There are 2 protein chains.
Amino acid sequence: MATIYEVSALAGVSLASVSRVMNNHEHVSEKTKLKVLAAMETLNYRPNAIARSLATSRSDCIGILVSELHGPFYGDMLTGIESELRAASKHAIIAAGHSDEHTEKDGIDFLIDRNCDALILLVDAVSDEYLIELSKGSTPIVVVNRFIPEIAENCFYLDNVLGGYLATNYLINQGHKQIAYISGPENKQDSNDRIEGHKKALAEANISFNKSLCFEGDFLTTSGQAGIHHFIEKKVPFTAIACANDEMASGAIKGAREHQLSIPNDCSIIGFDNIFITEYLFPQLSTIDYPITEMAKMSARWILKNVYKNKSLTINNLFLPSLILRESILSNIK
Amino acid sequence: MATIYEVSALAGVSLASVSRVMNNHEHVSEKTKLKVLAAMETLNYRPNAIARSLATSRSDCIGILVSELHGPFYGDMLTGIESELRAASKHAIIAAGHSDEHTEKDGIDFLIDRNCDALILLVDAVSDEYLIELSKGSTPIVVVNRFIPEIAENCFYLDNVLGGYLATNYLINQGHKQIAYISGPENKQDSNDRIEGHKKALAEANISFNKSLCFEGDFLTTSGQAGIHHFIEKKVPFTAIACANDEMASGAIKGAREHQLSIPNDCSIIGFDNIFITEYLFPQLSTIDYPITEMAKMSARWILKNVYKNKSLTINNLFLPSLILRESILSNIK
DNA sequence: TTGTAAGCGTTATCAT
DNA sequence: ATGATAACGCTTACAA
């Protein structure tokens with residue numbers, strides 16, 4: 001690999017001049033610029049990103065930390081961010097946090113140590129306090145799918161309460177009164193927000209929340225399956241099920257089939273997130289749309305604006321869920 | 001951030017000594033080691049990875065380039081690699097190539113410029129020659145889901161021909177003779193291998209390959225849907241469809257439903273890859289298992305062995321597909 | 001406009 | 001066993 005020294009020697013100018021043309025500095029004569037460019041060309045010169053980063057403590061890279069590297073949610077997230085950054089000629093460095101506090105902190109340190117210019121974080125094991133403290137450091141951060149009042153401007157999040165409300169409210173409007181709920185894990189904020197929306201819709205319709213119609217899942221398909229088994233076994237009557245995400249809804253549909261329950265005839269069902277497969281399930285799953293790609297792009301845009309000073313961008317932090325109607329819900333109005 | 005200078009000053013030793021204890025060199029007295037460790041502790045010292053990388057031209061990072069950051073195939077791949085590397089305390093730097101030659105090369109350059117110790121590449125736009133040339137460079141590379149004879153040892157791949165054969169052969173054994181095929185794009189090696197296996201099974205059973213029973217898809221669900229529409233429109237009779245991947249099979253199932261075709265009663269169907277959702281489709285999709293996670297882990301293991309000198313690891317390059325039977329195939333034996 | 005030279009924070013080669 | 005000191009390849013005052 002050719003270095004800047006060789007370029008400067010070949011071009012017959014100083015290191016500084018080479019550096020200047022590399023970085024498009026003004027005040028370089030056309031003549032030296034051409035000489036340098038030519039030398040770079042013939043030497044097939046590629047600047048050493050590490051050396052540059054050491055000298056500037058910048059990197060033109062954005063660090064991204066997600067819980068998992070697989071799954072439709074994280075996949076769409078990553079793709080959204082990467083496409084936005086690539087369009088701005090920035091690179092993404094991606095790492096996984098696995099919803100484990102130590103791993104998440106480790107990943108954040110790794111990204112910071114790589115001199116990332118900013119971080120996009122999808123984390124759920126580290127505390128709010130940790131993130132607040134982190135945001136005071138020299139590496140700007142942005143938090144996705146989580147709201148922390150103290151750093152609200154750096155948060156991008158969905159109105160999960162509204163989403164939960166929308167789902168159950170629609171079921172109620174279709175005449176359902178006995179609505180089972182398969183929730184996400186209790187230790188996750190979005191879980192809790194979604195079920196809060198569910199309860200709100202129930203309350204509004206004067207339907208009391210029945211704890212035995214509630215099953216705590218883990219956002220994975222298998223727990224959706226387990227949920228419906230549970231309800232059937234316990235012989236609690238229900239005409240509809242709201243699930244805190246589409247994966248669990250998929251599991252619930254499968255579980256229903258195992259019990260000869262026909263969906264939506266015997267039981268209506270609604271999911272949450274609107275992941276890709278919802279259209280390919282049978283019946284096609286009604287759900288709540290989570291504009292994850294948009295949110296992902298927006299988080300990247302914040303960095304483009306605030307770190308790379310692209311002032312023209314406009315930012316918004318809150319995203320709204322919306323109802324997507326497909327085949328999995330039947331009216332229960334007599 | 002504290003630097004090595006401050007540590008050395010506080011500990012009352014030279015830079016070199018600090019560096020030595022950081023890197024667990026032998027020939028450091030217990031006394032200085034303790035002094036240094038204490039100083040590091042109180043200063044909350046974290047070595048600067050960039051400076052270290054500049055000095056050593058290593059990074060303890062492995063670069064990974066995948067076509068896309070979303071989708072079950074790539075997701076599982078990434079997760080497999082990352083888990084294997086993490087267990088060895090190595091970090092992954094992930095980038096996307098988008099099946100575009102320029103973007104892939106750009107991503108590779110990016111990873112090399114980051115001083116990655118090795119690269120794991122899932123690319124399909126760059127040529128074999130390019131990769132062969134690349135493998136002669138100073139950054140070791142490994143290629144996944146692709147076989148290049150000249151660098152066979154660095155390739156990890158599935159026997160796609162066998163997979164294609166297994167699928168169609170099973171259909172034939174079930175009495176199917178009119179078997180439609182929805183292929184992947186013609187410019188991809190795995191597409192071509194899979195259809196080759198399909199043809200082989202046909203030939204073995206003395207069934208001539210009928211071009212009008214073949215539809216070229218693009219590995220996305222929509223093209224599976226388009227495929228079955230195409231066959232029905234053209235009024236070519238068929239009792240089974242083999243698809244070159246599960247996504248297209250999902251689309252085909254959906255398309256069949258739109259035409260009031262009941263699966264598997266009116267038409268059997270088989271996919272390829274055994275992605276997660278196959279179990280949640282209706283009917284559950286029979287398919288060919290692609291041990292993608294295993295392969296991903298193996299590619300990481302090659303690097304652990306050959307780059308980081310963990311000699312005890314054993315490597316194998318070829319992976320075998322296997323038949324997964326679920327609900328989407330019905331016997332057609334009268 | 002151009003060049004000199006001092007960093008950036010490590011590692012690694014020599015001496016001692 | 002320890003300490004100077006020269007790399008590593010680039011950026012950036014500061015001078016000229």
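Every number here is computed from the coordinates shown, using simple stated rules; none is lab data. These figures come from a predicted structure and were not determined experimentally. Cβ atoms come from the backbone with ideal geometry, glycine included; neighbour counts cover every protein chain shown.
Observations on the structure shown:
- Helix A:160-173 and the longest principal axis of the Cα set of chain A meet at an angle near 30°.
- For region B:136-240, the fraction of alpha-carbon pairs in successive 5 Å shells from zero, as %: 3, 12, 18, 20, 18, 11, 7, 5, 3, 2, 1, 0
- A helix-only calculation puts chain B at -13500 deg cm²/dmol for mean residue ellipticity at 222 nm, using -39500 (n - 2.57) for each DSSP H run of at least four residues, averaged over all residues.
- Sorted fewest first by neighbouring Cβ atoms within 10 angstrom, A:Lys305, A:Lys188 come out as A:Lys305, A:Lys188.
- Listed residues A:Thr168, A:Thr278, A:Thr32, most fluctuating in chain A (Gaussian network, C-alpha, under 10 Å): A:Thr32
- Relative contact order %, chain A, counting alpha carbon pairs below 8 Å whose residues are six or more apart: 15 percent
- Prolate/oblate/rounded label for the protein assembly as shown (Cα gyration tensor, a/c 1.5): oblate
- Options A:His102, A:Asn23, A:Gly71, ranked by Cα towards positive dipole end of region A:8-118, top entry (Cβ charges): A:Asn23
- Normalised contact order of region A:1-104, rounded percent, pairs of Cα under 8 Å and 6 or more residues apart: 23 percent
- Loop-located GluC sites (Glu not before Pro) across region B:1-87 with a Cβ neighbour count of 15 or fewer within 10 Å are B:Glu26, with loop assigned by DSSP.
- Residues considered: B:Ile120, B:Ile275, B:Ile207. Largest GNM mean-square fluctuation over chain B, using C-alpha springs under 10 Å, is found at B:Ile207.
- DSSP beta bridges in region B:206-334 [antiparallel fraction, %, rounded to 5]: 40 percent
- Listed from fewest to most Cβ neighbours within 10 Å, the set B:Met77, B:Met295 follows the order B:Met295, B:Met77.
- Cα-based shape type of region B:76-161, given that a ≥ b ≥ c are square roots of the gyration tensor eigenvalues and the cut on a/c is 1.5: rounded
- Taking amide H as placed 1.01 Å from N in the peptide plane, A:Arg326 has its amide H under 5 Å from the amide H of A:Ser286, A:Thr287, each at least 5 places away in sequence or on another chain.
- Under a Gaussian network description of chain A, with springs only between Cα atoms under 10 Å, the residue in A:Asn274, A:Asn44, A:Asn265 that fluctuates furthest is A:Asn44.
- Cα gyration tensor shape for chain A, rounded if a/c is under 1.5, else prolate or oblate: prolate
- Dipole magnitude of chain A, debye to nearest 20 (Cβ charges: Lys/Arg +1, Asp/Glu -1, about Cα centre): 860 debye
- Copy-to-copy label separations for B:Arg58, where each label sits 7 Å from Cα toward Cβ, in nm and ascending: 3.1
- Taking every residue in A:92-99 and counting other chain Cβ atoms within 10 Å of its Cβ, the average works out to 5.
- Of B:Leu213, A:Val123, A:Leu43, farthest towards positive along the dipole that unit charges on Lys, Arg, Asp, Glu beta carbons give the protein assembly as shown: A:Leu43
- Sequence-separation-based contact order of region A:196-308, relative, with Cα cut under 8 Å and 6+ spacing, percent: 19 percent
- Region A:247-255 - phi-based ³J(HN,Hα) in whole Hz, Karplus 6.51/-1.76/1.60, Gly and Pro as x: 4, 5, 5, 4, x, 5, 4, 4, x
- When both bridge partners sit in chain B, DSSP labels roughly 10% of those beta bridges antiparallel.
- Label points for B:Pro149 are taken 7 Å from Cα along Cα→Cβ. From this copy to the others they lie 6.9 nm apart, shortest first.
- Distances between equivalent label points of A:Tyr308 across the copies, with each point positioned 7 Å along Cα→Cβ, amount to 3.2 nm, shortest listed first.
- Cut-off under 5 Å, modelled amide H: who pairs with A:Ala118 long-range: A:Gly63
- Each of A:Thr293, A:Asn332, A:Pro321 was scored by the projection of its Cα onto the charge dipole of region A:289-334, and the greatest displacement toward the positive side belongs to A:Thr293; charges sit on the C-beta of Lys, Arg, Asp and Glu.
- Axis angle, to the nearest 10 degrees, between helix B:72-87 and the longest C-alpha principal axis of chain B: 30 degrees.
- Helix A:101-113 and the long axis of chain A differ in direction by around 20°, with both axes built from C-alpha atoms.
- For a straight C-alpha distance cut-off of 29 angstrom, the lysines reachable from B:Lys35 (same-chain residues fewer than eight places away being disregarded) are A:Lys105, B:Lys90.
- Remark: the protein assembly as shown carries a charge dipole of roughly 460 debye about the Cα centre, counting +1 on each Lys and Arg Cβ and -1 on each Asp and Glu Cβ.
- Region B:199-334, Rg to Rh (Cα coordinates; Rh as Kirkwood inverse mean 1/r): 1.10
- Sequence of A:Leu10, A:Leu325 once ranked by neighbouring C-beta atoms within 10 Å, starting from the fewest: A:Leu325, A:Leu10
- Cβ charges +1 (Lys, Arg) and -1 (Asp, Glu), total dipole of region A:7-151, debye: 1220 debye
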